[in-house]
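**Q** Please see the structure below; I have some questions.
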Amino acid sequence: MTKTNAGRFFEDYTVGDVITHAVPRTLSGGERAMYHALYPARTALYSSDEFARTCGLPASPIDDLATFHTVFGKTVPDVSLNAVANLGYAEGRWLRPVYPGDTLTSQSEVIGVKQNSNGKSGVVWVRTTGHNQRGEAVLRYVRWVMVRKRGTGDAPDPVIPELAKSVAASDLVVPEGLKFADYDFTLAGEPHRFGDYQVGEVIDHVDGVTVEEAEHMLATRLWQNTAKVHFDATNRPDGKRLIYGGHVISLARALSFNGLANAQMIVALNGGAHANPCFAGDTVRAWSEVLDVAETSAHGVGAIRLRLVATKGSAGALRGEDGKYLPDVLLDLDYWALMPV
Amino acid sequence: MTKTNAGRFFEDYTVGDVITHAVPRTLSGGERAMYHALYPARTALYSSDEFARTCGLPASPIDDLATFHTVFGKTVPDVSLNAVANLGYAEGRWLRPVYPGDTLTSQSEVIGVKQNSNGKSGVVWVRTTGHNQRGEAVLRYVRWVMVRKRGTGDAPDPVIPELAKSVAASDLVVPEGLKFADYDFTLAGEPHRFGDYQVGEVIDHVDGVTVEEAEHMLATRLWQNTAKVHFDATNRPDGKRLIYGGHVISLARALSFNGLANAQMIVALNGGAHANPCFAGDTVRAWSEVLDVAETSAHGVGAIRLRLVATKGSAGALRGEDGKYLPDVLLDLDYWALMPV
Amino acid sequence: MTKTNAGRFFEDYTVGDVITHAVPRTLSGGERAMYHALYPARTALYSSDEFARTCGLPASPIDDLATFHTVFGKTVPDVSLNAVANLGYAEGRWLRPVYPGDTLTSQSEVIGVKQNSNGKSGVVWVRTTGHNQRGEAVLRYVRWVMVRKRGTGDAPDPVIPELAKSVAASDLVVPEGLKFADYDFTLAGEPHRFGDYQVGEVIDHVDGVTVEEAEHMLATRLWQNTAKVHFDATNRPDGKRLIYGGHVISLARALSFNGLANAQMIVALNGGAHANPCFAGDTVRAWSEVLDVAETSAHGVGAIRLRLVATKGSAGALRGEDGKYLPDVLLDLDYWALMPV
């Protein structure tokens, strides 16, 4: 019997199954520093313990996307090692900040399966939850992937979960104690507050970053994501390594500081598509569109729903006349963030 | 109104203005480790808590140049986003060590402006101070940059600050408690003490390091320096990314360990010029010249004034017959360091 | 007199000499995070404080190989700066786990010298010990290197130490308190326990990682290894930088997680050869062979002796018909690890 993990195939997923993922991970100031070295991240709450305390938190949390990558990375050996494509995200909610010293684990429940008509692959939906060392949920999200079939057996009864188009503003979790009453806009980097953003407004984040192989591999390894397409140049006929989609998400989010410096905390992931692959040498830019705004239960804390688009060309159109993403579009992400009103 | 930062132009600086820079930053063991991964840094005081305690400090401080980069990085969006050139440094003094857990902020006062005769740009002088979370100044220095003009308005009255050619030895701040009475030269790496260095002595630091794109970008991001010339390969017609001058400073200082292992703490920056641009693929070498030596107020602690030159060829001459820096010279830095007598 | 270190030559080693190496180093969560960014390391004991506590340790230790690299790096300026080749390792034993906050120093005793028949170089054997800040030994190993001779003097009387072919199972040190009674195989990543491995069994670890210049230089600097062949592209006629052998060891060990996830702690290094040089662009793969199994003094803790082979092609044969390593073989390492029975 082989001792190595060949990954699961479509047949290995049954609705209702709960998968506990290896390997638990303790995060420290080291991962925080690496995050700042890998992305041009400047959001004040994640940069300064003092700023975070002014906002009612005990210390500066680990970046929300670092939490996402850590929880997500653990799922790769069980969910996407044989994935043909990462199809989408939905109903993502950050439930509790993660601090240096916390240890994260991940669990996924299979909530949907649907074999493709070609009989060679199928779509699997999982709801993944990240927990800290006290067993508290810190993040929960749904993603679905296309997975190869191992054999030629019968198709399972299709189960397609009903997923919300976006997380309702009333379901957003504002971290306990968070307040923006003493918020310092100068230290945060921009004067624009919640009321300054209009639905439909588009912000070009101006800056671009050219990506190197070493960088995306350092990042992807840091989150213990083992998918070989990111690391092994012999894996594809063209000798290229595919950049982990999460690397593009973090890059785009960090670039969005320029215009959205006060969109401090990410609290929900409504959806997202990795529209085209990103490769080393690409220069990544980003633009955002304000999709919605909402009050939250916390005094002084507003929620802003943003479309974040990463491109490898200039900011511009998203889809062609055929409705498909234009070739320069890398990412189309839909999320909620918290902002001082 | 656009929400993104286009940076300030020459007209936006008035002598006496004080700019509080975003974003505060807490440093940890993570930044320390990154510094050691990015530079061949071996100075014992910054490598070992135990060694630092033997020298009278509570723990190993964050490298002095990491403090410099952190304080400097914050000033970029306000001072040098539209800079044509970084012209010089003066009167730099480290005032207090920074330790893991400290949070740094930066403020700059405009102390000089002088429009260029072409009417299209001007020189701006700022005095920048870095503070820790207790409001104590940790570093103060002057730098001046050439900045583009936005329009064609009248030139302001020129104000050219009088700057010291070098920091007087009597103005050097020896960190409280620092002592070299129990200094272990074996653990520090070299036997040469203060008295072994003669003014005029030149030391070739022998080793060379070939620089990669990923490295200088990791470094520059780590200090939250956002200048796009360092990150965006589409920004220059030649497709090259300009390496942050501070990266070359740290590289040269680390290389200077070989011959100056006991020049433990940097306490003053007398001046410096980034003589030529550095690009990925360049192999950086360094040599030093002893410019001055002085006693300090602390028993057993000497101060050595050094010229630190980085080149991308072999160590050798600094200037041509025309008085200009030779094309291989990257950096000409003038600083004071503390050394056991 | 030059102040820089030209390194020692063959004549500079006398059997019985003890060399205290510079520079002490404090490790933190930062080095831990860097290790995870540099290698696809997933061993649970080194990833999670919680998992480590379940195994009876106070926290997650620094990776055993990071300890090795830190102790080894210090010896480079004194032992291998003028080395022609790193010939072998023997009798390596990890004696105590290293935790964030610990400060490591290194000492080497010269235990053998033998001039080569050409009179231009010789072999030097050293026994190196790493200590923590309490003076406790954490690691001890023998390595031997071929070193250039400075002059043409007489050969010293040859002393060739007798070295064990492998560390006896009864000499392995199981860290105090280590227990696998509550070991969670699901969180660790694989179900295979001690009893599932047979002597002679070969495991192909499947995955490959293509190496970049920036990565191996970040790693090698992190351990303060100063050997210029790793950093200076002008040092070899072919313009290539030789990758530090330890980088390949860590890469191969991390890849071996896939099939050996429960080989948690490395406790002995029986031997090792860097069979061929590794360069940036190479895609590194690994396979292991079970050489031996043994009980230990600790209840529930087994010891497994493994050959770990890294290649830059596909896994396969090790030596050609002439008995020499095949050109694709990078590393042939022999070590003991601890595993739940």
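The values are calculated or read from the model by the stated rules, or taken from the named source; none is laboratory data. These numbers come from a predicted model, not from an experiment. Glycine also receives a Cβ, built like all others from the backbone with ideal geometry; neighbour counts cover every protein chain displayed. Heads up: the accessible areas ignore ligands, DNA and RNA and are worked out on the full protein's heavy atoms, side chains in. Shrake-Rupley method; radii C 1.70, N 1.55, O 1.52, S 1.80 Å.
**Q** Restricting things to alpha carbons, tell me how big the protein assembly as shown is in terms of Rg and Dmax, in Å.
**A** Computed over the Cα atoms of the protein assembly as shown, radius of gyration and Dmax are 28.7, 86 Å.
**Q** Now for a separate question. FRET efficiency for C:L87 and C:L318, Cβ-Cβ distance as r, R0 = 30 Å, nearest 0.05? Write out the running numbers ahead of the final one.
**A** On the way: r = 18 Å, r/R0 = 0.60.
Efficiency, from the Cβ-Cβ distance: 0.95.
**Q** Beyond 27 Å, what share of the Cα-Cα pairs of segment B:101-247 is found? Please give it as a whole percent.
**A** Working: 5776 of 10731 pairs.
The answer is 54 percent, as a whole percent.
**Q** With +1 assigned to the C-beta of every Lys and Arg and -1 to the C-beta of every Asp and Glu, and no other charges, what is the dipole magnitude of chain C about the Cα centre in debye, to the nearest 20?
**A** On the way: 33 positive and 39 negative charges, 210 e Å.
For this selection, approximately 1000 debye.
**Q** Moving to a separate point now. Between segment A:135-211 and segment C:109-154, what is the C-alpha centre distance in whole Å?
**A** 57 Å
**Q** Please grab the % of Cα pairs in chain A that end up more than 32 Å from each other.
**A** For chain A, the share of Cα pairs beyond 32 Å comes to 27 percent.
**Q** Here is a follow-up. Give, rounded to the nearest 20 debye, the magnitude of the charge dipole that segment B:59-202 has about its Cα centre when Lys and Arg contribute +1 at Cβ and Asp and Glu contribute -1 at Cβ.
**A** For segment B:59-202, the charge dipole is close to 780 debye.
**Q** Still on this model: Based on C-alpha coordinates, I'd like the Rg and Dmax of segment C:285-341, in Å.
**A** In order Rg, Dmax, the Cα atoms of segment C:285-341 give 14.2, 44 Å.
**Q** With a 1.4 Å probe and all protein chains in place, put A:W287, C:W144 in order of accessible area, largest first.
**A** Result, largest first: C:W144, A:W287.
**Q** Step by step: find N for segment A:1-80, compute 2.2 N^0.38 Å, then divide the Cα radius of gyration by it. What's the final number? Could the numbers behind the result be given before it?
**A** On the way: Rg = 17.6 Å, N = 80, 2.2 N^0.38 = 11.6 Å.
Rounded to two decimals, the normalised Rg is 1.51.
**Q** What aspartates and glutamates does C:K312 reach when the alpha-carbon gap must be under 16 Å and sequence neighbours fewer than 8 apart in one chain are set aside?
**A** A:D232, C:D204, C:D207, C:E212, C:E213, C:D282, C:D328, C:D332
**Q** I'm checking a number: the convex hull volume of the Cα atoms of segment C:199-239, normalised per residue, in Å³. What is it?
**A** 153 Å³
**Q** If you split all Cα-Cα distances of segment C:129-176 into 5 Å bins from zero, what percentages do you get per bin, shortest first?
**A** 4, 10, 16, 18, 15, 13, 11, 8, 4, 1, 0
**Q** Here's another thing I want to ask about it. May I ask you to compute the full-extension gain from A:E109 to A:S297, defined as 0.36 nm times their residue separation minus their alpha-carbon distance, rounded to one decimal in nm?
**A** Contour length minus the Cα-Cα distance gives 64.7 nm.
**Q** Additional query: Would you mind getting me the FRET efficiency between C:T20 and B:D171? Use the beta-carbon distance for r and R0 = 25 Å, nearest 0.05.
**A** 0.10
**Q** Quick one: with label points 7 Å out along Cα→Cβ, list the inter-copy distances for C:F185 in nm, shortest first?
**A** 6.0, 6.0
**Q** Please work out the ratio of the alpha-carbon Rg of segment A:209-263 to 2.2 N^0.38 Å and round it to two decimals.
**A** 1.31
**Q** Another one. Sum up the charges of everything whose Cβ sits under 10 Å from the Cβ of A:F9, counting Lys and Arg as +1 and Asp and Glu as -1, but leave A:F9 out.
**A** +2
**Q** Could you tell me how many degrees, from 0 to 90 and to the nearest 10, lie between the Cα long axis of helix B:213-222 and the main elongation axis, the longest principal axis, of the Cα atoms of chain B?
**A** So the helix axis and the longest Cα principal axis differ by about 90 degrees.
**Q** Where the centre of each part is set by its Cα atoms, how far does segment C:307-324 sit from segment B:61-108, in angstrom?
**A** 51 Å
**Q** Continuing with the same structure: Build a GNM of chain A with springs between Cα atoms under 10 Å: which of A:V142, A:V248, A:V15 gets the top mean-square fluctuation?
**A** Highest fluctuation of the listed residues: A:V15.
**Q** Quick one: what Rg and Dmax do you get for segment C:223-292 from the alpha carbons, in Å?
**A** Cα radius of gyration and Dmax of segment C:223-292 are 14.6, 44 Å respectively.
**Q** Towards the positive end of the charge dipole of segment C:167-295, with charges on Cβ (+1 Lys, Arg; -1 Asp, Glu), say which of C:A294, C:L187, C:Q224 has the farthest Cα.
**A** Most positive-ward Cα: C:Q224.
**Q** Would you calculate the separation in nanometres between label points at C:T234 and A:V202, each defined as 7 Å from the Cα along the Cα-to-beta-carbon direction?
**A** 5.0 nm
**Q** Between copies, how close do the A:G239 label points come, placed 7 Å along Cα→Cβ, listed in nm from shortest?
**A** For A:G239, the inter-copy label distances come out at 1.6, 1.6 nm.
**Q** Within chain C, which is the longest segment containing none of the trypsin sites (Lys or Arg not before Pro) that sit in a DSSP loop and have at most 15 other Cβ atoms within 10 Å?
**A** Numbers: sites that count: C:K120, C:R134, C:R150, C:K165, C:K240, C:K324.
Result for the longest clean stretch: C:1-119.
**Q** Can you find, among B:A317, B:I19, B:P40, the residue farthest towards the positive end of the dipole of chain B? Put +1 on the C-beta of Lys and Arg, -1 on that of Asp and Glu.
**A** About the Cα centre, the residue reaching furthest to the positive side is B:I19.
**Q** What residues have an amide H closer than 5 Å to that of B:G271, excluding those fewer than 5 places away on the same chain, when H is modeled at 1.01 Å from N in the peptide plane?
**A** Residues meeting the criterion, in which the H sits 1.01 Å from N, are B:D334.
**Q** A further question on this structure: Too long at a 27 Å Cα-Cα cut-off: which of A:K120/A:K324; A:K149/A:K228; B:K74/B:K324? If you can, show how the numbers build up before the last one.
**A** Values: A:K120/A:K324 25 Å; A:K149/A:K228 19 Å; B:K74/B:K324 31 Å.
Result: B:K74/B:K324 exceed 27 Å.
**Q** When the C-alpha atoms of segment C:179-319 are aligned to their principal axes, what extent does each axis show, in angstrom, from largest down?
**A** Computed over the Cα atoms, the extents are 53, 32, 27 Å.
**Q** Still on this structure, please answer the following. If I take R0 = 45 Å and measure r between the Cβ atoms of C:T2 and C:A59 in this structure, what FRET efficiency does the formula 1/(1 + (r/R0)^6) give, to the nearest 0.05?
**A** Working: r = 45 Å, r/R0 = 1.00.
Taking R0 as 45 Å, the efficiency between C:T2 and C:A59 is 0.50.
**Q** Taking one equal scatterer on every alpha-carbon of segment B:1-155, how large is log10 of I(q)/I(0) by Debye at q = 0.11, 0.12, 0.13 1/Å?
**A** Each listed q maps to, in turn, -0.50, -0.58, -0.66.
**Q** Moving to a separate point now. Under the Kirkwood approximation for Rh and a Cα-based Rg, what ratio Rg/Rh is obtained for segment C:179-218? Intermediate values should be presented prior to the final figure.
**A** Details: Rg = 16.2 Å, Rh = 13.9 Å.
Rounded to two decimals, Rg/Rh equals 1.16.
**Q** In segment B:175-306, with Lys and Arg counted as +1 and Asp and Glu as -1 at Cβ, which of these residues, B:L242, B:P175, B:V284, has the Cα nearest the positive end of the dipole, that is, farthest along it?
**A** B:L242
**Q** At 222 nm, what helix-only mean residue ellipticity would chain B give, in deg cm²/dmol to the nearest 500, using -39500 (n - 2.57) for each DSSP H run of four or more?
**A** -5000 deg cm²/dmol
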